[in-house]
Amino acid sequence: MAGPDGLSLESVRNSLIRQEDTIIFSLIERSRYPICPLLYDDKSSLIADASGSLLESIVKGTEATQAKFGRYQSPEEHPFFPENLPESLVPPRSSPNVLHPAAASININKMIWDMYTNQLLQLFASEGDAEDYACIGVCDLQCLQALSRRIHYGKFVAEVKFRDAPEDYTQAIRAQDRDALMKLLTFENVEEMVKKRVAKKAKTFGQEVTLSEDEYNGKYKVDPAIVSRLYEEWVMPLTKHVQVEYLLRRLD
Ligand SMILES: C=C(O[C@@H]1C=C(C(=O)O)C=C[C@H]1O)C(=O)O
């Protein structure tokens with residue numbers, strides 16, 4: 001049942017389903033380009049005097065602009081480089097914060113960055129180089145932000161699950177028992193559906209649309225099996241990790 005603030009398991013699951021579209025489209029966009037290793041190289045001399053990789057500079061610069069316009073006032077958004085972000089110029093949000101205040105201390109973007117640059121990219125982008133650094137970096141930024149939003153949305157999922165069964169969760173939280181919390185919040189049947197649905201979406205969104213009535217039997221823009229694997233091995237485990245981290249602090 002929805003709480004007075006409108007939060008319900010159905011509404012948070014619907015949001016996760018909608019976010020699948022954003023993630024898959026951003027992967028499709030990124031897969032148009034080769035990996036382009038120079039973008040991620042800390043020692044590349046692509047821009048003089050910059051510390052870190054070119055992607056880091058692109059993400060830091062974009063986050064600074066977005067912070068000024070209030071992006072990180074939203075509890076759904078988490079910066080990759082929270083240090084030294086400028087103050088927001090827009091007035092604070094009026095919507096009530098439905099999360100426990102401890103939620104603000106959870107940001108696993110470093111893990112997401114490492115997973116994306118060291119493991120995921122290699123799965124869906126081809127080997128090689130290109131000079132469209134800005135376009136490719138912006139595609140990476142979009143993938144990273146979409147994955148980060150989805151994974152940190154685990155805070156909302158956890159809040160709703162806690163409200164639905166406060167006694168069960170309270171016991172595990174008081175004991176700071178990660179395994180018990182993981183067991184309580186895991187729904188294997190939902191995870192199976194997620195894996196199947198994202199593969200189906202990758203097929204639907206990633207085919208070449210023609211006017212022919214024949215069934216599509218061409219190549220998909222991103223491999224549906226890889227999208228499913230991405231969810232199984234990284235996206236869902238990290239979302240559950242965020243859920244556990246949030247619940248451990250839920251009674252602070
Ligand atoms: C997000 C939820 O919690 C867990 C994580 C899931 C996910 O990341 O998609 C799916 C099912 C659950 O095991 C949920 O129950 O919807």
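The values are calculated or read from the model by the stated rules, or taken from the named source; none is laboratory data. Fair warning: this is a prediction, and the values are worked out from it, not measured in the lab. Neighbour counts are summed over all protein chains in view; Cβ atoms, including those assigned to glycine, are modelled from backbone coordinates with ideal geometry. Accessible surface is based on the protein model in full, side chains and every heavy atom, while ligands, DNA and RNA are left aside. Shrake-Rupley method; radii C 1.70, N 1.55, O 1.52, S 1.80 Å.
For region 8-50, the residues whose backbone nitrogen is under 14 Å from a point 7 Å from the Cα of ALA2, taken along Cα to Cβ, are 8-15.
How big is the Kirkwood radius of region 108-182, worked out from every pair of different alpha carbons and given in Å to one decimal? Before the final figure, lay out each step's value.
Working: mean 1/r = 0.0657 Å⁻¹.
One over the average 1/r among Cα pairs gives 15.2 Å for region 108-182.
Heavy-atom accessible area with a 1.4 Å probe sorts LYS200, LYS68, largest first, into LYS200, LYS68.
Peptides 164-170, 143-149, 29-35, ordered by how many other C-beta atoms sit within 10 Å of their residues on average, highest first, read 143-149, 29-35, 164-170.
How high is the relative contact order of region 43-118, in percent, counting Cα pairs under 8 Å that sit 6 or more residues apart? Could you put the intermediate results ahead of the total?
On the way: 47 pairs, mean separation 18.5, N = 76.
Taking the mean separation of contacting Cα pairs over the length of region 43-118, I get 24 percent.
Lysine pair count for region 10-165 with Cα-Cα distance under 29 Å and sequence separation of 8 or more or different chains is 9.
Equivalent-ellipsoid semi-axes (√(5λ), Cα gyration tensor) for region 24-119, whole Å, largest first? Walk me through the numbers before you get to the answer.
On the way: eigenvalues 159, 57, 35 Å².
So the three semi-axes of region 24-119 are 28, 17, 13 Å.
Which FRET efficiency value, to the nearest 0.05, is calculated for GLU213 and VAL90 with the Förster distance at 35 angstrom and r the Cβ-Cβ distance? All intermediate terms of the calculation are to be shown ahead of the outcome.
Values: r = 50 Å, r/R0 = 1.42.
Using R0 = 35 Å, I get an efficiency of 0.10.
Taking a quarter of the surface of the Cα convex hull of region 112-156, what do you get in nm²? Averaged projected hull area, Cα only: 3.4 nm².
Classify region 128-220: rounded, prolate or oblate, from the alpha-carbon gyration tensor (a ≥ b ≥ c, eigenvalue square roots; a/c under 1.5 rounded; otherwise prolate if a/b is larger than b/c)? Here region 128-220 falls in the oblate category. For the listed residue pairs LYS196/LYS221; LYS203/LYS240; LYS201/LYS240, the alpha carbons are over 19 angstrom apart in LYS203/LYS240; LYS201/LYS240.
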